[in-house]
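For reference, the structure is listed below as structure tokens.
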Amino acid sequence: MRKDEKGISVFAPCTQAVPDADDEDEKKARRVVGFKIVYVFDVSQNDGKPLPEAPIVANGDDNEFLPVLEGIAFP
């Protein structure tokens, strides 16, 4: 991070571990219980090592990707 750069404030989820009633092996799922403000920095605001390339690149119409993203965000 460069000196005097300002972070971008975003909402980050606060999660809590809750035991799964169906599993007897005490596996705990996490659920969102609230949000907090955290600060992030754009990659252009940093002078560190370059980021690795993304393993996949999205090409095509954005309408094709909405169901995939919704499936990830809301399983």
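The values are calculated or read from the model by the stated rules, or taken from the named source; none is laboratory data. Just so we're clear, the structure is a prediction, and the values are computed from it rather than from any experiment. Glycine gets a Cβ as well: all are built from the backbone with ideal geometry, and neighbour counts include every protein chain shown. Each accessible area value is taken on the protein alone, full model and side chains, heavy atoms only, with ligands, DNA and RNA left out. Shrake-Rupley method; radii C 1.70, N 1.55, O 1.52, S 1.80 Å.
Hey, got the dipole for the chain? About the Cα centre, +1 on K and R Cβ, -1 on D and E Cβ, debye to the nearest 20?
For this selection, approximately 580 debye.
Per residue, how much accessible surface does the chain expose to a 1.4 Å probe? Answer in Å², no decimals.
Accessible surface, normalised per residue, equals 97 Å².
Using only Cα atoms and rounding to the nearest 10 degrees, what angle (0 to 90) does helix 62-73 make with the longest principal axis of the chain?
50 degrees
State, as an integer percentage, the relative contact order of the chain based on alpha-carbon contacts under 8 Å between residues 6 or more apart.
Computed over the chain, the figure is 32 percent.
Given that just one value was derived from the coordinates, which of [x] 106; [y] 189; [z] 91 is volume of the Cα convex hull per residue in Å³?
[y]
Taking R0 as 35 Å, what FRET efficiency do you get between residue 61 and residue 30 from their Cβ-Cβ distance, rounded to the nearest 0.05?
For residue 61 and residue 30, the calculated efficiency is 0.60.
Along Cα→Cβ, 7 Å out, is where each label goes; now give me the distance between the ones at residue 70 and residue 9 in nm to one decimal.
Between residue 70 and residue 9, the label points sit 3.2 nm apart.
Tell me the carbon and sulfur percent of the accessible area for the chain, rounded to whole percent, probe radius 1.4 Å.
C and S atoms contribute 57 percent here.
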